[in-house]
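Heads up, the thing below is written out as structure tokens.
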Amino acid sequence: MSNFDGQVIVITGGAKGQGRSHAVAFAERGADIVICDIAEQIPCASPMGSLEDLAHTRDLIEATGHRCMTVQADTRDAAAMRDLVAKTIAEFGRIDVFIANAGIAAFGPLSSMPDDMWFDVVDVNLTGVANSIRAVVPHMIEQGSGRIVATASIVGREGGPNNANYAASKWGVIGFVKSLAVELAPHGVTINALSPMSVSTDMCHNDKTYTLFRPDLADPTTDDVRDTFAGLNPMKVPWLELEDSTASVLFLSSDEARYITGTSLDVAGGWNANHCA
Amino acid sequence: MTDIELDNPHAGSVAIVLGATTAVGKAVAQQLVQAGATVALVEIAGTSTGHTLEAVAREVETAGHGPLTAEIAPRDTSGFAGFVRRVVERHGRLDVLVTVPVVQRPVVADEMADGDWNSGIDRSLSAAYCAYRSVLPHFEATGRGRIVSVVGDEGRRGAGGASHIAAGAWGVIGLAKSAALEMAEADIAVNVVTSTAIDDDRWHDEAHQRYAVDAVGHEVDSLDVHAAAEALGLRHPTNRPFVAPDAVARAVLMFISQPDNTMTGSVLDLSQGMAALNTA
């Protein structure tokens, strides 16, 4: 896989999970890293990162011999995202790759959904992604280069029962990404969406999600839900490992992907073969 | 009841139209009333676009009875739920929800103000959510309902210069398909109509003219409604620049009039041929 020697990579939602995995992989390949995370729990959401998690990610990055700056910020705050970009430019001079990864999930049927479950999920997953990308776009246009990857979902390619908030937010991310691809193409900047199925993180492995997948059991375990998850895709894999998701992010961020823009890369064990487009 | 009423799926039905002051919202309300339905009209607060709520209400009043109307903020779920209760109290039933987004100013992402983004999402996706969330418990209780959401053709592709409009439209399609799946086992249908350039006031606005011209990389001497129409005509395989609001309303009524929910989770494009460029 391509190296990222001397590049500056910014990743939102980097305290743990996929964001941490991406961050460490970029650092191992020569990049300096800025990680942003809200580092606090939104009440309705799947388990989120903490300041300790954020510090641990920094330790992992610095152990590779590369620099790391951490910023505690909420992607829903557009001004905070402009500050994130400004701080990064002040400290590192440039941004080569921006990974809009911060996202949350909260499940429930639409007809009884509490307002926070809708608005928190859409505000973080869609508006947060747009806020952060809008903040970095002027810099990349001026620079005449850049790679942006936004984390969408295979649920952004179809309807999501008990998951309308999440599905709508991820559909929105893909529409936003495709629109930005058109705008940024003349400036040498690419932007793509990554649309994975479940990834083996806290968003997947938690009691609420397990209970949704096995409502017949009082206290389902990982082994209890494995087959239910696996039933969602033709390859019958329950969930992606972190490295599966990270490999796609590295590729979309690489020189080799220079003419790939405006796509939604489905990493979903063939789930996507059920979709029209 | 006459034979005509028996054959008419809209006769006696009650519909809420969200975005009633838009050209499409007004056309939907008029066609529903002409077909024998009763309408209730919602304007997204602070977004009066061309028509006032009072003017639209006057045009669709039947036998001297004006429709129920309300201005509701796009994130005000309880306000919307209260309006649904009023509609059911007055008319004894609710059969249909139609959501129409309010027109947004096109602007490229690197020049977009935070307010452009927020209103772009709120006046399409957030408002649609509040409406769905408010009518679905009623539809679930009665076991029947029809929802149609209208969005721009930005919901079917990337839209340079309109990423906020595209994100809202794609989001509404994701919402509609999710609701269609959740409700599939009842006689509840949720569908989407997309439309390219609606023939309304927006084309007198320079930002929309610029958006139309830029979409085809068209060089123009002066930016005006004629330049926009010419560019839109070049973009569309049919060479026609605009889609009539009445054409969108006819498609909405087609979805509403289906006898069951065989047709649910669908997206129908009024695209002047742009749909032929879609992958699927």
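Around residue A:34, which amide H atoms from residues at least 5 apart in sequence, or from another chain, sit under 5 Å from its own amide H, with H modelled in the peptide plane?
A:9, A:10, A:11, A:69
List the residues whose amide H sits under 5 Å from the amide H of residue A:267, counting only those 5 or more places along or on another chain, with H placed 1.01 Å from N in the peptide plane.
A:195, A:197
Calculate the length of the line joining the C-alpha centroid of the stretch A:225-244 to that of the stretch B:170-198, in whole Å.
The distance from the Cα centre of the stretch A:225-244 to that of the stretch B:170-198 comes to 27 Å.
On the accessible surface of the stretch A:1-127, probed at 1.4 Å, how many percent belong to carbon and sulfur atoms?
Result for the stretch A:1-127: 47 percent of the exposed heavy-atom area is carbon or sulfur.
Count the lysine pairs in the protein assembly as shown whose Cα atoms sit under 24 Å apart, keeping only pairs 8 or more residues apart in sequence or on different chains.
10
Heavy atoms of the protein only, probe of 1.4 Å, neighbouring chains included. What is the accessible area of residue A:87 in Å², nearest 10?
Taking all protein chains as shown, residue A:87 has close to 110 Å².
How many Å² of accessible surface get buried when A and B come together, counting both sides, probe radius 1.4 Å, rounded to the nearest 100?
The buried area between A and B, both sides summed, comes to about 3200 Å².
List, in order, the whole-Hz ³J(HN,Hα) value for each residue of the stretch A:224-234 obtained from phi through the Karplus relation with A = 6.51, B = -1.76, C = 1.60 and θ = phi - 60°; use x for Gly and Pro.
Those phi angles translate into 5, 9, 3, 5, 5, 4, 5, x, 7, 9, x Hz.
Relative to the longest principal Cα axis of chain B, at what angle does helix B:127-142 sit, 0 to 90 degrees, rounded to 10?
With rounding to tens, the tilt is 20 degrees.
With every protein chain left in place and a probe of 1.4 Å, what is the accessible surface of residue B:43, to the nearest 10 Å²?
Per-residue accessible area (residue B:43): approximately 10 Å².
Need one number: nm distance between label points at residue A:216 and residue B:55, each 7 Å from Cα along Cα→Cβ, rounded to one decimal.
6.0 nm
Report the accessible area of residue B:59, computed with a 1.4 Å probe over the heavy atoms of all protein chains in place, in Å² rounded to the nearest 10.
Spelled out: residue B:59, probe radius 1.4 Å, area about 100 Å².
Relative to the first principal axis of the alpha-carbon coordinates of chain A, what is the inclination of helix A:17-28, with its axis defined by its Cα atoms, in degrees from 0 to 90 and to the nearest 10?
Once rounded, one gets 30 degrees.
Can you put B:260, A:74 in order of accessible area, largest first, using a 1.4 Å probe?
So the residues, ranked largest to smallest area, are B:260, A:74.
Between residue B:206 and residue B:222, what is the label-to-label distance in nm when each label sits 7 Å out along the Cα-to-Cβ direction?
So the two model labels end up 1.4 nm from each other.
Compute the distance from the alpha-carbon center of the stretch A:149-205 to that of the stretch A:46-94, in whole Å.
Using only Cα atoms to place each centre, the spacing works out to 22 Å.
Summing +1 for each Lys or Arg and -1 for each Asp or Glu, what net charge is found among the other residues whose Cβ lies under 14 Å from the Cβ of residue B:157?
My count for the surroundings of residue B:157 gives -1.
Amide H neighbours of residue B:187 under 5 Å, counting only residues 5+ apart in sequence or on other chains, H built in-plane at 1.01 Å?
none
Using the alpha-carbon atoms, what tilt in degrees (0 to 90, nearest 10) does helix B:23-34 show relative to the longest principal axis of chain B?
That helix lies at roughly 30 degrees to the long axis.
How much net charge surrounds residue B:177 when only the other residues with a Cβ under 14 Å from the Cβ of residue B:177 are counted, with Lys and Arg +1 and Asp and Glu -1?
+1
The values are calculated or read from the model by the stated rules, or taken from the named source; none is laboratory data. Since the structure is predicted, the reported quantities are computational estimates derived from the model, not experimental observations. Methodologically, a virtual Cβ is constructed for each residue, glycine included, from the backbone with ideal geometry; neighbour enumeration extends over all protein chains shown. Remember, those area values only see protein heavy atoms, side chains included, never the ligands or the DNA or RNA. Shrake-Rupley method; radii C 1.70, N 1.55, O 1.52, S 1.80 Å.
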